[in-house]
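Laboratory data are not the source of any read-out in this text; all were calculated from the coordinates shown. If you're wondering where the values come from, they're calculated on a predicted model, not measured in any experiment. Every residue, glycine among them, receives a Cβ derived from its backbone with ideal geometry; neighbour counts consider all protein chains shown.
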Amino acid sequence: MSNEYQLADGSPRYGHRTASAGTVQATTPVTAPTDVAEGAAKLSLDVMAAAIDRRLRSAWADEADPAVEALRTGNPEELAAARALVRLHLGSQRQWRLKAQAVWDQQLAGTLARRRAGGRVQEILALRLGLMAALIAPPAYIVATGPDDLLKLLLAGIACFAFAVAGGHFLTCRARVPVMPNLRGPWLKELREDVVNATLVAILQNKGTPLDPRAAAAARRGWESIQAASQAVGSLNP
């Protein structure tokens, strides 16, 4: 016979109820303050591009989270320490981009070695030299034969520009080497702030500072999104 004073799990229908022993409380993982910055320093350009795309598609990134802003405002010394630690490992934004480019180049070393072994590198070099000669010859001829004919020189310049775009596209496809991603500065800065936020949480946790779990999780959300993008890109690479 059912008991109207008990729920299906045996807990009382009315009054105070406590979580069962099998319930697990979600907690924010504790990491060393240097782990996040060191991980960010190992990202490649394609991972950064994927992380930017993931961030732009995420609703949580549309506006600044008040809980994260309060966490940053309420801990100015730790925030300054987090910024200093991130700068120590990443350098300036330009230096961070160069680090990512070095990782990108290292990852492409095997692909370039295969292209070099197949003679593709020498072929592309010859085509580039031919393209440069084709772009220089018409303006040089016009300047040599009719230096005062500005209209003809302007038309030749426009034609050379169009030919350069088409020729560059052909060479890129012919080389069969992945194109280097173009990272926009403001969006890269947002990724950097995600790294700072996660580093701030790590510093506060390692100091034993009590944290609002929601604020801590929100501050780490950007870094976790970067890690998810890194895993996705890694799964695509041979």
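Has the stretch 142-158 got at least one residue that is among the acidic types (Asp, Glu) and within 30 Å of the chain's Cα centre (by Cα)? First the steps, then the outcome.
Of all residues in the stretch 142-158, those among the acidic types (Asp, Glu) come to 148-149.
Then keep just the ones that are within 30 Å of the chain's Cα centre (by Cα); that gives none.
Among the residues of the stretch 142-158, not one is among the acidic types (Asp, Glu) and within 30 Å of the chain's Cα centre (by Cα), which makes the answer no.
Scan the stretch 54-78 residue by residue and report those that are within 13 Å of ALA219 (Cα to Cα) and aliphatic (A, V, I, L, M).
Matches in the stretch 54-78: ALA61, ALA64, ALA67, VAL68, ALA70, LEU71.
Please go through the stretch 38-63 and pick out each residue that is in contact (Cβ under 8 Å) with a residue 60 or more places away in the chain and outside any helix (DSSP H, G or I).
LYS42, LEU43, SER44, SER58
Here's the yes/no breakdown for (1) in contact with a strand residue (DSSP E or B) (Cβ under 6 Å, 6 or more places away or on another chain); (2) within 19 Å of VAL179 (Cα to Cα); (3) acidic (Asp, Glu):
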site	(1), (2), (3)
ARG114	no, yes, no
ALA117	no, no, no
LEU125	no, yes, no
MET132	no, no, no
ALA140	no, no, no
THR145	no, no, no
ASP148	no, no, yes
LEU151	no, no, no
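Please verify whether the stretch 152-169 includes one or more residues that are farther than 27 Å from ARG94 by Cβ, surrounded by 13 or more Cβ atoms within 10 Å (Cβ to Cβ) and among the charged types (D, E, K, R).
yes
Give the number of residues within the stretch 188-224 that are under 12 Å from the mean Cα position of the chain (by Cα), surrounded by fewer than 19 Cβ atoms within 10 Å (Cβ to Cβ) and small (Gly, Ala, Ser).
Counting residues in the stretch 188-224 that are under 12 Å from the mean Cα position of the chain (by Cα), surrounded by fewer than 19 Cβ atoms within 10 Å (Cβ to Cβ) and small (Gly, Ala, Ser) gives 0.
With (1) in contact with a Gly (Cβ under 8 Å, 6 or more places away or on another chain); (2) within 30 Å of LEU127 (Cα to Cα); (3) not small (Gly, Ala, Ser) as the list, and VAL195 as the residue in question, which single condition is left unmet?
With (1) in contact with a Gly (Cβ under 8 Å, 6 or more places away or on another chain); (2) within 30 Å of LEU127 (Cα to Cα); (3) not small (Gly, Ala, Ser) applied to VAL195, the lone miss is (2).
How about the stretch 225-238: which of its residues are surrounded by 12 or more Cβ atoms within 10 Å (Cβ to Cβ) and among the hydroxyl-bearing types (Ser, Thr, Tyr)?
Correct list: SER225, SER230.
Would you point out which residue out of PRO66, PRO76 is farther than 25 Å from ASP35 by Cα, surrounded by fewer than 14 Cβ atoms within 10 Å (Cβ to Cβ) and without any contact (Cβ under 8 Å) to a residue 12 or more places away in the chain?
Every option except PRO66 fails the conditions.
Check every one of the helices (runs of 4 or more DSSP H) wholly within the stretch 79-173 and list those with 1 or more residues that are under 30 Å from ILE226 (Cα atoms) and touching a residue at least 24 places away in the same chain (Cβ under 8 Å).
93-107, 109-117
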